[in-house]
Number of protein chains: 2
Amino acid sequence: MRRDIFQAIADPTRRAILVLIAVHAMTPNAIAEHFDITRQSISKHLRILSECDLLAQKQDGREIFYELKIDKMKEIDIWLDQFRKMMEERFQQLDQVLFTIKNKKK
Amino acid sequence: MRRDIFQAIADPTRRAILVLIAVHAMTPNAIAEHFDITRQSISKHLRILSECDLLAQKQDGREIFYELKIDKMKEIDIWLDQFRKMMEERFQQLDQVLFTIKNKKK
DNA sequence: TCTTTGTGAAGCCGATCGGCTTCATATTTA
DNA sequence: TAAATATGAAGCCGATCGGCTTCACAAAGA
């Protein structure tokens, strides 16, 4: 089974879960309240995210709080680095265009 | 059919294609030479990437050069912004730890 | 102890994925 | 014009996805 962070964030529900728990750790039930799908489906998503090492669990009695392992998100950032220089150059080009337009107005 | 940039980069072959053509525009045949799958499968990936607005085509006779629309990659970066502040804080914490270790050695 | 609550695991199902093969079409070249 | 080349489209197939329902189990509370 393919399990990597890119496949993990491919699903919109999983992306929403990540954003949710980024603020603070939450239990599966609390997370499920934010969606229109069953608690069990959320649980499945949590398992997938955990397998990708994106989540950490903290047990408190019978409740399990899931929290985001933010370091793992860095991996996406690192992959994006390959394109970052190109992206920045494009921005500079845009800046140049805006600069030229500005000067023409004078 | 779900078609967004996150689903587009979920496949490792598609990520490799993006990296390949980021350097310079390439034809489907040229791209396929870098992989162990058929030209037709590459073509399918190119169609998916195009549907996500990640690629631009430039026809030259019977050859079609695909090039990366780098601006679209920005969307991933923008999504990551939600976590960036947290990631930076973690780095600062790490810096603090390293700083403390460094001072203890003295 | 019995019931409620929080959770995970297993299995079902229709849709999609990512390969493949085959075919159609357009351009170039001999 | 005929053959070779570059490409896209359609359809097949096994695997996976993302929902669902059902069940098992442990912890907490009446």
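Rule-based calculations on the coordinates, nothing more; no lab input. What you see is a predicted model, and the numbers here were worked out from it, not measured in a lab. Glycine gets a Cβ as well: all are built from the backbone with ideal geometry, and neighbour counts include every protein chain shown.
Enter the Cα centre distance for the pair the stretch A:1-26 and the stretch B:32-46, rounded to the nearest angstrom. Each part reduced to its Cα centre gives a spacing of 29 Å.
The angle between the Cα long axis of helix B:12-23 and the longest principal axis of the Cα atoms of chain B comes to about 90 degrees, rounded to the nearest 10. Segment B:ASP77..B:GLN96, full-extension length gain: 4.2 nm, with 0.36 nm per residue of separation and the alpha-carbon distance subtracted.
Nearest chain A C-beta to the A/B rotation axis, reported as residue and distance in angstrom, is A:ALA10, 2.
Candidates B:GLN96, A:ALA16, B:ILE21 compared by Cα position along the dipole of the protein assembly as shown: farthest toward the positive end lies B:GLN96, with charges placed on Cβ.
Each helix, a run of at least 4 DSSP H residues, gives -39500 (n - 2.57); summed and divided by the residues of chain A, these come to -21500 deg cm²/dmol at 222 nm.
Rounded to whole numbers, the Karplus 3J(HN,Hα) couplings from phi for the stretch A:5-10 are 4, 5, 5, 5, 8, 5 Hz, using 6.51 cos²θ - 1.76 cosθ + 1.60 with θ = phi - 60°, and x at Gly and Pro. Each residue, A:PHE35 and B:ASN29, gets one label point 7 Å from its Cα in the Cβ direction; the gap between the two is 4.6 nm.
Axis of helix B:70-105 versus longest Cα principal axis of chain B: the two differ by about 30°, to the nearest ten degrees. In this calculation the C-beta distance from B:MET86 to B:GLN59 is compared with R0 = 45 Å, giving a FRET efficiency of 0.50. Cα centroids of the stretch A:65-86 and the stretch B:49-92: 14 Å apart.
Each other copy places its own label point for A:LYS58 at 5.3 nm from this one, sorted shortest first, where the point lies 7 Å along the Cα-to-beta carbon line. Between copies, the label points at B:VAL19 (set 7 angstrom from Cα along Cα-to-Cβ) are spaced 2.9 nm, reported in nanometres from shortest to longest.
In chain B, Cα pairs under 8 Å separated by at least six residues give a relative contact order of 26 percent.
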